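Engineer: Would you mind keeping the following structure in view while I ask a few things?
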């Protein structure tokens, strides 16, 4: 029985590590950057809604706020679609060359959606 409990605990811990490592901002540069492109795909759901966009230097993943933040920002099903142009203001990874950005704000069709107002740098 003890071995089974340890196995289950180990499996749960291993399964939760990617989610735990994913949250927060410690992985990101402190400077904010802009990335613009065309939306290829939109996912609205847990753990984080995200966009896949095509840019001049290739595809990028845009992580939005958690589902509640994304909804509060007004970015809900139907406000954007594949083919729309988007400009993202956010933070890129501090290390590596991964084409990923955590959005603080995005602009689609001249409409701004702010996911983290406290992080906006004026």
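The values are calculated or read from the model by the stated rules, or taken from the named source; none is laboratory data. Note that the coordinates shown come from a computational prediction; the quantities given were computed from them, not determined experimentally. Here the Cβ is made from the backbone with ideal geometry for all residues, glycine too, and neighbour counts use every protein chain on show.
The rows are residues; the columns are (1) in contact with a strand residue (DSSP E or B) (Cβ under 7 Å, 6 or more places away or on another chain); (2) closer than 18 Å to residue 41 by Cα.
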{"position": "78", "(1), (2)": "no, yes"}
{"position": "87", "(1), (2)": "yes, yes"}
{"position": "95", "(1), (2)": "no, no"}
{"position": "100", "(1), (2)": "yes, yes"}
{"position": "103", "(1), (2)": "yes, yes"}
{"position": "108", "(1), (2)": "yes, yes"}
{"position": "111", "(1), (2)": "no, no"}
{"position": "114", "(1), (2)": "yes, no"}
{"position": "118", "(1), (2)": "no, no"}
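Engineer: Within region 23-42, restricting attention to residues that are more than 16 Å from residue 115 (Cα to Cα) and loosely packed, with under 12 Cβ neighbours inside 10 Å, which residue is nearest to the chain's Cα centre (by Cα)?
Structural biologist: If we take residues in region 23-42 being more than 16 Å from residue 115 (Cα to Cα) and loosely packed, with under 12 Cβ neighbours inside 10 Å, then 26 is nearest to the chain's Cα centre (by Cα).
Engineer: Yes or no: residue 96 out of contact with any helix residue (DSSP H, G or I) (no Cβ under 7 Å at 6 or more places or on another chain) and either at pLDDT below 95 or in a loop (DSSP other than H, G, I, E, B) (or both)?
Structural biologist: In short, yes.
Engineer: Can you work out which of the residues in region 99-122 that are part of a strand (DSSP E or B), in contact (Cβ under 8 Å) with a residue 24 or more places away in the chain and more than 15 Å from residue 52 (Cα to Cα) is nearest to the chain's Cα centre (by Cα)?
Structural biologist: 104
Engineer: Whether any residue in region 60-67 is part of a strand (DSSP E or B) and over 22 Å from residue 120 (Cα atoms) is what I want to check.
Structural biologist: no
Engineer: Out of 83, 45, I need the residue that is outside any strand (DSSP E or B), in contact with a helix residue (DSSP H, G or I) (Cβ under 9 Å, 6 or more places away or on another chain) and either over 19 Å from residue 118 (Cα atoms) or modelled with pLDDT of 95 or more (or both). Which one?
Structural biologist: The unique qualifying residue is 45.
Engineer: Has region 59-80 got at least one residue that is in contact (Cβ under 8 Å) with a residue 60 or more places away in the chain, in contact with a helix residue (DSSP H, G or I) (Cβ under 8 Å, 6 or more places away or on another chain) and farther than 18 Å from residue 38 by Cβ?
Structural biologist: No: region 59-80 contains no residue that is in contact (Cβ under 8 Å) with a residue 60 or more places away in the chain, in contact with a helix residue (DSSP H, G or I) (Cβ under 8 Å, 6 or more places away or on another chain) and farther than 18 Å from residue 38 by Cβ.
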